[in-house]
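Data first, discussion second: the structure below is written as structure tokens.
What follows draws every value from the coordinates through simple rules; no lab data is involved. Predicted model, so just to flag it, every value in this text is computed and none were measured. When we count neighbours, we look across all protein chains shown, and the Cβ atoms used for this are built from the backbone with ideal geometry, even at glycine.
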Amino acid sequence: MGADGTSRLSPYLRFGLVSPRQVAVAVARVPGAMGGGRRSGEHPRRAGGRETFINELLWRDFYGYVLYHQPESAWEHMRPQFARFHFEDDPDGLAAWREGRTGYPLVDAGMRQLTGQGWVHNRARMVVASFLTKHLLVDWREGARFYLQHLMDGDLPANNGGWQWVAGTGTDAAPFYRIFNPVTQAEKFDPAGDYIRRWVPELAKLEPPAVFTPWQASPADLEAAGVHLGTDYPHPIIDHTTARNRALARYQAASSHRS
């Protein structure tokens, strides 16, 4: 996430300045990109990246198709058993999430990028959405509304369809037991901590692994980095294991319910 490795085409797609078909055709014109499979000698990661890129366009159209045929899905759960799901009324947690002060650096970086830039890396979008809906058990619609208020590429079907996917309430919902761990996600997708340090400057002098889990850093490392937990940067607002177990129990009950 610390690299500038995305197309940044989403706002242009959102406002119709370029069509997904134009983008797909342009990708197809790249030698070996589509049709006939991977050319001999082409790096498999590059070929796989092209396929993934096209799949993202397909997902975007899929959510548009769903909303066209089921307009109520914009703000209602696609899976009816969630009509009785007990979401938490947690204004303090919601405020901390919105303001990027949850105490989980990757979550806070994603939220600060949202409000500061009007755009968020897709991996960060999934992590912060999972945190709100699974760690805090706040209704996904709170997050969807906040995103649409701030995103340059805020597109109702893609935005709300993605939120329902993460929350487990959508037509193509992720399994209820898929709960993103903000720490391991940071370790995997921001291994050098560059993304976190850019958007959470309070932690700019911390190196991995302390930048991923400042609450576990040694007093010496925190002192050297000028970080005073609880003052400069908050402690985690919820324990990951506790939150995960609570979410699993709540979602298990919802999944077993038949309306």
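Assorted remarks:
- Derived scalar couplings ³J(HN,Hα) [region 53-68; Karplus, 6.51 cos²θ - 1.76 cosθ + 1.60; whole Hz; x for Gly, Pro]: 4, 5, 4, 5, 5, 5, 4, 4, 5, 4, 5, x, 5, 4, 5, 4
- Of the trypsin sites (Lys or Arg not before Pro) found in region 99-171, no site is in coil according to DSSP while having at most 12 other Cβ atoms within 10 Å of its Cβ.
- Taking the helices alone, the chain has a mean residue ellipticity at 222 nm of -15500 deg cm²/dmol, built from -39,500 (n - 2.57) per DSSP H run of at least 4 residues and averaged over all its residues.
- Cβ crowding within 10 Å, taken as a proxy for footprinting-reagent exposure, orders Ile196, Ile54 from fewest neighbours to most as Ile54, Ile196.
- Where N is the number of residues in region 73-259, Cα Rg divided by 2.2 N^0.38 Å: 1.03
- Whole-angstrom gap from region 108-138 to region 157-185, using each part's C-alpha centre: 12
- In a fully extended conformation the segment linking Leu229 and His86 would gain 48.2 nm over its present Cα-Cα distance, using 0.36 nm per residue.
- Cβ-Cβ distance of Phe189 and His69, R₀ of 41 Å, FRET efficiency by 1/(1 + (r/R0)^6): the value works out to about 0.75.
- Ordered by the number of other Cβ atoms lying within 10 Å of each residue's own Cβ, fewest first, Tyr104, Tyr68 fall into the sequence Tyr68, Tyr104.
- Extended-chain gain in nm, criterion 0.36 nm per residue less alpha-carbon gap, Ser218 and Asp61: 51.7 nm
- A simple spin-label model places the labels of Asn245 and Arg8 4.5 nm from each other, with each point 7 Å out along Cα-to-Cβ.
- With 0.36 nm allotted per residue and the present C-alpha distance subtracted, the Arg198-Ala24 stretch has 59.4 nm of extension available.
- For region 173-259, trypsin sites (Lys or Arg not before Pro) are listed when DSSP marks them as loop and at most 16 other Cβ atoms sit within 10 Å of their Cβ; the list is Arg178, Lys205, Arg258.
- Here region 70-149 was treated as a single set of alpha-carbon atoms; its pair distances binned every 5 Å from 0 give 3, 15, 26, 25, 16, 11, 4, 0 percent.
- Using θ = phi - 60° and Karplus 6.51 cos²θ - 1.76 cosθ + 1.60, couplings along region 119-130 (whole Hz; Gly, Pro as x): 7, 9, 4, 4, 5, 5, 4, 5, 5, 5, 5, 5
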